[in-house]
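Colleague: Got a structure for you, written out below as C-alpha cells; questions coming shortly.
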Amino acid sequence: MGIERRQAARWRGRLRSAKLFDAAKRFLVSCRVVDISATGARLQPETDRPLPMDLHYRADDDEDFRAASLVWVRQRQIGIHFAKPKPPNA
C-alpha cells in the first residue's frame, strides 16, 4: 500500500455519473464516478479521447459546473482536481 496523500476524505461514486466539458463548457465525454472528495475525483471516461488539462465537471444529478484540472491518466481512469473545494453540505 502507498502513502495516502489526499487532502480531503473521499467516498465511492456508487453508480454516479458525470460529464466533462472543455473551458468553453462544450461537452467532451461522459464518465462513471469511481470516487470523489471535496477536492477532486477519480473518473472512468466512456472513451479514450484526449482531454485538455483545464476542464469543467458536472455531476448528472447537479446543474452546477465545477472548474477542474486533469492531474493523472492511468488504465482508462483519470484523476481531476477541483479549482475550489466544495463545502461539505453543498
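Colleague: How high is the relative contact order of segment 10-82, in percent, counting Cα pairs under 8 Å that sit 6 or more residues apart?
Modeller: 28 percent
Colleague: Next question, about the same structure. If amide H atoms are built 1.01 Å from N in the plane of the peptide, which residues on other chains or at least 5 residues away come under 5 Å of the amide H of G40?
Modeller: When sequence neighbours closer than 5 places are left aside, the close amide H contacts are F82.
Colleague: Sticking with this one: Need the full-extension length gain, R32 to T47, defined as separation in residues times 0.36 nm minus the C-alpha distance. One decimal, nm.
Modeller: 4.3 nm
Colleague: Also: Pop out the Kirkwood hydrodynamic radius of segment 10-82 from its pairwise C-alpha distances, inverse of mean 1/r, in Å to one decimal.
Modeller: For segment 10-82, inverting the mean 1/r across all distinct Cα pairs yields 11.8 Å.
We did not get these values from a lab; they are worked out from the coordinates using the rules stated. Because the structure is predicted, anything quoted here is derived from the model rather than measured.
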